[in-house]
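The structure appears below as structure tokens.
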Amino acid sequence: MSVTEFELVSHWRIAAPLDRVWPEIVDVDAWPSWWRAVRKVERLRDGDAGGVGALRRLTWATALPYSITFDVLSTRIEPMHLIEGRASGELSGVGLWTLLADGAGTAVRYDWRVDLGKPWMRTLAPVLRPVFTWNHNVLMGWGEADLKARLGIG
């Protein structure tokens, strides 16, 4: 793994059943309405009836003084369980959401294997790697808190 590649894993424990959590995660177009870091989602291409093949451009605000935009192609969706997408642009790689019923709640795992695309990020990655990791963790923490608030369990 090069210094510009990241393998990041986030775990959310949501005290709501899977059938309430899944629709929020799978509806990427609605993320800006509840996830404070997601500034804009543009649908560039529709996918099949299950959503595979959909292409979206996501713009994220971060905990640091920059924003980032990248495209995500939905490559695999297993309803009520898994969503996989391939990112390209200012970040490139694969993101994988895995959701599992966990008692009365839902265990959410997000695996993000990504390479930096912005030239300044690539140049500064050897020094700022811990900061970029921290930033990712903050955004994911916002997502967990914001989803809980949306579901009325925050």
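Side notes on the structure shown:
- About its Cα centre, the dipole of region 94-154 is roughly 220 debye, where the only charges are +1 on Lys and Arg Cβ and -1 on Asp and Glu Cβ.
- Rg to Rh, two decimals, where region 1-75 supplies the alpha carbon set and Rh follows Kirkwood: 1.00
- Convex hull volume per residue for region 20-144, taking Cα atoms only, in Å³: 103 Å³
We did not get these values from a lab; they are worked out from the coordinates using the rules stated. Not measured: the values here are computed from a predicted model. All Cβ positions, even for glycine, are placed from backbone atoms using ideal geometry, and neighbour counts span all protein chains on display.
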